[in-house]
Structure formats: structure tokens, C-alpha cells
There are 2 protein chains.
Amino acid sequence: MDKLVIFGHKNPDTDSICSALAYADLKTQLGVSVEPLRLGELNPETTFVLNHFQVFAPRLVHGVAPEAKEVILVDHNERQQSASDIGEVTVVEVIDHHRIANFETSQPLYYRAEPVGCTATILRKMYIENGLSIPKSIAGLMLSAIISDTLLLKSPTCTDEDVKAVQALAEIAGVNYEEYGLAMLKAGADLSDKTPEELISLDAKEFSMGAYKVEIAQVNTVDTNDLLARKGELEALLNKVILDKGLDLFVLAITDILNSNSVALVLGRAAKAVEQAYNVTISDNTANLQGVVSRKKQVVPILTETLEKFEL
Amino acid sequence: MDKLVIFGHKNPDTDSICSALAYADLKTQLGVSVEPLRLGELNPETTFVLNHFQVFAPRLVHGVAPEAKEVILVDHNERQQSASDIGEVTVVEVIDHHRIANFETSQPLYYRAEPVGCTATILRKMYIENGLSIPKSIAGLMLSAIISDTLLLKSPTCTDEDVKAVQALAEIAGVNYEEYGLAMLKAGADLSDKTPEELISLDAKEFSMGAYKVEIAQVNTVDTNDLLARKGELEALLNKVILDKGLDLFVLAITDILNSNSVALVLGRAAKAVEQAYNVTISDNTANLQGVVSRKKQVVPILTETLEKFEL
């Protein structure tokens with residue numbers, strides 16, 4: 001068999017990096033030749049994780065077609081979130097925990113999606129199903145991915161399976177997951193040295209919703225005011241991105257990980273959809289989204305539904 | 001939780017019927033309230049199977065929205081192969097072994113696809129993963145589905161996992177799978193009392209391929225001449241269906257299950273795509289497709305590839 005590569009979405013987060021590494025380990029244990037890759041720079045949280053467990057980052061690539069003919073996707077499926085040349089390769093497997101959209105194959109494939117908080121939670125089940133044991137450092141990476149995606153088990157996306165996985169993986173990794181998790185989230189929430197360009201792209205994803213092109217970025221922080229103090233330059237930049245990419249809507253969710261709320265910076269000609277979706281008023285381009293911490297569960301579905309019926 | 005329903009594709013084949021019944025049994029064993037449904041008439045093969053194992057057919061419905069808000073799909077995912085009102089319900093699970101296309105959700109879901117010969121092969125793994133045992137009659141249905149989809153393990157879609165599943169299920173069901181399988185396939189191949197309408201719709205599926213709308217139907221027979229003798233009336237009917245549905249291409253594959261070959265009746269303005277795809281000449285609207293027995297593996301991918309580049 002030819003070489004296979006595994007990668008998560010663009011603007012990789014901790015799950016996209018760690019699940020690529022973990023699934024590569026699982027496949028290698030099964031005797032399959034694979035290489036984990038990444039489609040973008042590491043964020044500070046993921047850098048903290050890889051340093052902590054002393055694992056090398058996947059190799060950075062800007063396209064996957066030169067790497068392999070067949071690829072495995074983790075933590076995403078939508079075309080616009082994947083490698084720009086994804087159309088030139090064959091997707092033979094997907095392991096994911098998101099909705100399915102803008103995804104199409106001409107051949108049957110292995111597709112495993114479960115409505116849990118994190119890809120790594122599914123991978124842990126796959127280790128068990130295959131009778132394989134999880135190496136200590138890989139357990140640490142998988143633990144970190146779940147803590148990251150569920151905001152230390154507090155996000156509404158978190159399921160019983162994620163909680164069970166965190167407990168089991170913490171034991172293998174030999175860490176106190178609450179202490180470690182808070183340190184990890186804080187490392188990711190230190191945004192003081194980030195440029196506006198970095199802030200809006202660290203964890204940004206594009207979506208098609210009804211007839212509209214939408215980008216939703218999220219930054220985690222322990223004090224939303226740190227970011228709101230830089231609102232002017234963020235707005236200028238968002239307007240530029242909207243023009244460049246032809247977006248109808250850009251939502252930058254600034255999420256307070258200690259209090260589990262978000263303030264959204266909302267720009268673009270379809271901004272009113274956010275008012276309709278959450279029954280809030282946008283003032284000065286910002287809206288308070290009380291209790292919203294999960295893009296997947298609390299932003300994408302409700303905005304999709306609103307934009308499918310929305311008229312400019 | 002509200003009531004859930006489970007169903008396979010329109011023009012149901014043995015896998016669509018038997019996998020709906022089997023997955024309903026699995027879910028019921030897990031304490032989930034579900035009802036298996038079917039979207040069309042039983043074919044003679046499936047009727048033989050249900051009679052043999054003395055299982056009632058799933059209830060026939062013409063739409064699923066009046067039945068439940070949340071649904072589970074087995075043996076298909078493409079919108080045009082599903083219930084006509086599929087857009088009005090939420091798909092919470094899919095168990096399938098086909099390509100993924102024309103499928104989109106707004107919420108994460110449980111999606112399990114594997115590139116094996118039959119949905120029932122995946123379901124067998126799920127019984128094992130959940131530590132459940134397969135009732136004798138259900139094992140018979142699952143066995144029948146695999147024999148049907150793999151033409152008694154002879155189709156190129158058949159994998160080692162399907163072979164293993166057939167052996168294990170035959171033991172539970174208490175049948176000699178070779179004898180039983182041949183009797184079952186012959187029951188399905190008795191087409192003498194079928195009207196032309198029945199022949200072209202018994203196992204027909206619609207596809208979008210590039211810019212073209214394609215329908216591919218398949219009938220299994222032990223003598224292709226039985227059907228070719230009725231070519232005139234079949235052609236007249238296919239031309240009518242092409243007009244009614246606005247199709248660009250209709251391929252009726254007449255498959256000789258004893259010799260593993262097909263003769264295709266090819267009509268529609270994109271008929272030349274079949275010549276290109278298989279490097280054959282269509283004469284009198286028919287083409288010999290040597291060694292072709294699997295729509296999924298030997299027809300859909302190659303026609304999709306050809307039609308994506310095809311110009312009328």
C-alpha cells in the first residue's frame with residue numbers, strides 16, 4: 001500500500017494536532033505506514049501540550065497532494081476547512097465529531113463520526129476495539145485534546161463518554177487532569193503577544209450556511225476586556241478579511257473560559273442574522289452571548305438555521 | 001426520548017430491509033424505542049428471506065416526517081435515495097457501506113460507514129462491540145443481506161470481514177449458507193412474472209454525477225436472454241422514465257449471477273459516457289460489461305469520474 005497521511009483542519013487546534021498524532025500511533029501499531037501532518041501553525045495551547053508530553057509536532061505542509069494519494073481526515077470533514085488541494089487526493093477515512101457538510105466521495109470509505117465532545121474520545125474507543133494499549137505520552141495528548149474541546153468538561157458538547165475518557169487517560173498519562181487542564185487552558189488563553197491577524201485566525205473556520213459564506217473564529221481568554229480593548233484594530237482587520245474572502249458574515253467569539261460566556265464581535269452584511277438567532281441587540285458591533293462557549297453546539301446549528309431563512 | 005425510526009433506501013433490497021430489522025433489534029436490546037420502516041415494496045428475494053426466517057416485514061410508509069422527528073438511515077445516505085421528506089426530519093445516525101454524497105446535517109451525529117460489502121457486516125461488529133448476542137432469526141436476515149449484496153461472496157465488493165460474518169452468522173442461524181444462498185439468489189432472479197415497470201425499479205438508484213442526473217438499475221438473472229427478449233418494451237419504458245424525471249442517462253444492468261457478467265441497456269443523451277467509461281461500443285442500446293456485477297464498485301465510481309469530465 002502507498003503511504004498514507006493523517007491531518008486535522010486548517011488553523012489546527014489541540015484536537016486536530018493531537019488526534020492526528022494519536023491516530024498515526026494507532027495505525028502504526030496496526031502495521032499501517034502513516035505520517036501525521038498539520039495544515040498550519042501551532043497555537044500556544046497546543047505548544048504547551050507538546051512541550052509537556054515531549055512529543056514532536058506533525059510536519060507542517062501547505063498542500064497534501066504532493067505527500068500522498070490517499071489521506072485520512074481527523075476532526076473535520078468540510079472541504080473548506082481542509083487542505084486546499086483536498087480535491088486532488090482520495091479520502092479513505094474520516095474520524096470526526098462534527099456535522100457532515102460539503103463532503104463527498106466517489107468511493108465507499110471508512111467514516112466514523114460520533115456526537116461526542118472530541119475526536120480523541122472516539123480514538124480511545126478505537127484503541128480499545130482493536131485491543132491496543134495507549135502509550136503514556138499519547139494518552140497525555142488525547143487527554144489534552146478532550147480538555148481543550150470541552151473546556152475542562154464544562155462545555156455543553158461534553159458527554160459522559162468524554163468524562164470517562166478523561167479519567168482513564170489521566171490515569172495512563174499520570175497527571176491530575178484538573179490542575180494540568182487549567183494550566184493548559186491558561187497557556188492557550190495568554191493572548192497578550194498575539195497580533196490581530198493571529199487572534200482572528202488561531203481558531204477560525206469557514207462555513208456555507210444557506211446562501212451565505214460565514215467565518216466563525218473563537219478565542220479563549222480569562223478576561224474578555226483584554227481583547228475588547230483592541231476592538232478597533234480587530235474590526236478594521238475583520239472588514240478587510242470580509243472583503244478579501246467575499247464573506248457575508250464574520251463572527252469572532254471571545255470566550256471567557258472561567259465564567260463560560262462569550263462576547264461576539266459581529267461584522268458583515270448578514271450581521272443581523274446574529275441578532276435574530278440569539279434574540280440580542282448588536283451594539284457597536286458586539287453582542288453578548290450569555291452561556292455560549294461551544295461554536296459547534298451553540299453557534300453553528302443556530303446560525304445555519306437562521307441563515308437558511310435569512311434575507312438581506 | 002421521542003420515538004425513533006430506522007429505514008433503508010427507496011426500492012429496498014434485502015440489505016435495506018434486513019439491516020433495518022437487525023439494527024432495530026440491536027437498539028431495542030439497548031433499551032432504545034425504535035421502529036423499522038420500509039420505503040417501498042419487497043422484492044422477491046427479500047420476500048423469500050422473510051418467509052424463510054419467519055420475520056414480519058417492516059411497516060411500509062411513503063414519508064417519514066409523520067412517523068418521527070429523528071431518524072436513523074441504514075444502507076444509504078444520499079438524499080435522492082432516501083424518503084422524499086427526509087429534509088423535514090433530523091438524521092441522528094447513519095450505518096452504511098456506500099460513498100458519501102448529497103448528505104448534510106446541521107448537527108453532529110453518529111455516522112458509521114465502512115468499505116465492506118454489506119451494512120449487515122457492520123451491524124454484526126456493533127452487536128459484538130456492545131456485548132449483545134444476535135437472535136437466530138436476525139442472524140438469518142443479516143446472513144441473507146450479505147449473501148445478496150456480495151452475490152454469495154463473489155462480488156468484488158466482498159471483503160474478508162464479509163466472509164467472516166457470513167460464516168459466523170450461518171452458524172447462529174443454523175443454515176448451510178451455500179445451499180441457502182443459491183436458493184435465495186434464484187428466488188430473486190425469477191423475473192418471469194415481473195412487469196417492465198417492476199423490472200426497472202426493483203433495484204434502481206438515482207445519482208448526481210458531475211452535471212448529470214443518472215439512474216442505474218440492476219436486475220439479477222440466471223439467463224440474461226430472458227430479459228433481452230423483452231428489450232423492446234423495456235426501451236420504450238426507459239425512454240418514458242428519462243423524459244418524466246429529466247434524466248441524462250439510464251443504465252439498466254442485467255447481471256448474470258452464475259457467470260458474473262452484465263449486459264447493460266443504456267439510454268439517454270449521455271449514453272456515450274458508458275462507451276468512454278468501459279471502452280466498449282453500444283450497439284442497439286446494449287453494451288457488454290464483462291465481469292461487472294457490482295453497481296457500487298464497478299459502475300458508480302467509473303461513471304462518476306467519466307461524467308465529471310463529459311461533454312454532450
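Where a number appears in this text, it was derived from the coordinates with a stated rule and is not lab data. If you're wondering where the values come from, they're calculated on a predicted model, not measured in any experiment. Backbone-built Cβ (ideal geometry, glycine too); neighbour counts: all protein chains shown.
Restricting the count to DSSP beta bridges whose residues both fall in the protein assembly as shown, what percent are antiparallel, rounded to a multiple of 5?
Here the share of antiparallel DSSP bridges comes out near 40 percent.
Please report, to one decimal in angstroms, the Kirkwood hydrodynamic radius of region A:147-244 built from all distinct Cα-Cα pairs.
Its Kirkwood hydrodynamic radius stands at 15.8 Å.
In a Gaussian network model over chain B where Cα atoms closer than 10 Å are linked, find which of B:SER106, B:SER262, B:SER192 has the largest mean-square fluctuation.
Among B:SER106, B:SER262, B:SER192, the largest mean-square fluctuation in the Gaussian network model of chain B belongs to B:SER106.
Would you calculate a helix-derived [θ] at 222 nm for chain A, using -39,500 (n - 2.57) for each DSSP H run of n ≥ 4 and dividing by the full residue count, to the nearest 500?
-11500 deg cm²/dmol
So which residue, out of A:LEU30, A:LEU249, A:LEU289, gets the largest mean-square fluctuation from a GNM of chain A using Cα contacts under 10 Å as springs?
A:LEU30
Going by amide H atoms built from the backbone, whose H comes under 5 Å of the H on B:ILE6, apart from near neighbours?
Amide H neighbours of B:ILE6, under 5 Å, 5+ apart: B:GLU35, B:LEU37, B:ILE72.
Report the Stokes-Einstein translational diffusion coefficient (µm² s⁻¹, integer) for chain A, Rh taken as the Kirkwood radius over Cα pairs, at 25 °C with viscosity 0.890 mPa s.
124
Counting pairs of alpha carbon atoms under 8 Å apart in space and at least six apart in sequence, what relative contact order in percent does region B:4-189 give?
23 percent.
Please state the relative contact order of region B:193-312 as a whole percent: Cα pairs under 8 Å, 6+ residues apart?
Here the relative contact order equals 24 percent.
Send over the semi-axes of region A:4-189's equivalent ellipsoid, whole angstrom and largest first, taken as the square roots of 5 times the C-alpha gyration tensor eigenvalues.
So the equivalent ellipsoid measures 25, 17, 16 Å along its semi-axes.
With axes computed from alpha carbons, what is the tilt in degrees of helix A:177-189 against the longest principal axis of chain A, rounded to the nearest 10 within 0 to 90?
50
Say the dipole of region A:196-308 comes from +1 at the beta carbon of Lys and Arg and -1 at that of Asp and Glu; which of A:LEU265, A:VAL300, A:ASN285 then lies farthest toward its positive end?
A:VAL300
Counting only DSSP beta bridges with both residues in region B:196-308, tell me the antiparallel percent, nearest 5.
Beta bridges within region B:196-308, antiparallel portion: roughly 70 percent.
Between copies, how far does the label point of B:ASN130 sit from its twins, in nm, shortest first, when each point is 7 Å from Cα along Cα→Cβ?
Label point to label point, same position, other copies: 2.4 nm.
Rounded to the nearest 20 debye, what is the charge dipole size of chain A about its Cα centre when +1 sits on each Lys and Arg Cβ and -1 on each Asp and Glu Cβ?
Here chain A has a charge dipole of around 220 debye.
Specify the residue with the greatest mean-square fluctuation among B:THR121, B:THR286, B:THR14, computed from a Gaussian network of chain B linking alpha-carbon atoms under 10 Å apart.
B:THR286
Label position 7 Å from Cα toward Cβ: report the copy-to-copy distances for A:ALA229 in nm, one decimal, ordered from shortest.
From this label point to the equivalent ones elsewhere in the assembly: 9.0 nm.
Could you check what % of the DSSP bridge pairs in chain B are antiparallel, to the nearest 5?
Taking every DSSP beta bridge with both residues in chain B, the antiparallel ones total about 40 percent.
How many nanometers, to one decimal and shortest first, lie between the label point of B:THR281 and those of its other copies, if labels sit 7 Å from Cα toward Cβ?
Distances between equivalent label points, in nm: 7.8.
On alpha-carbon atoms, Rg over Rh for the protein assembly as shown using Kirkwood Rh?
Checking Rg against Rh, the ratio lands at 1.00.
Among the listed pairs A:LYS296/B:LYS3; A:LYS125/B:LYS3; A:LYS3/A:LYS125; B:LYS3/B:LYS27; A:LYS10/A:LYS205; A:LYS69/B:LYS154, give every one whose C-alpha distance is greater than 18 Å.
Check vs 18 Å cut-off fails for A:LYS296/B:LYS3; A:LYS125/B:LYS3; A:LYS3/A:LYS125; A:LYS69/B:LYS154.
Summing +1 for each Lys or Arg and -1 for each Asp or Glu, what net charge is found among the other residues whose Cβ lies under 14 Å from the Cβ of A:GLU171?
Overall, the nearby charge balance is +2.
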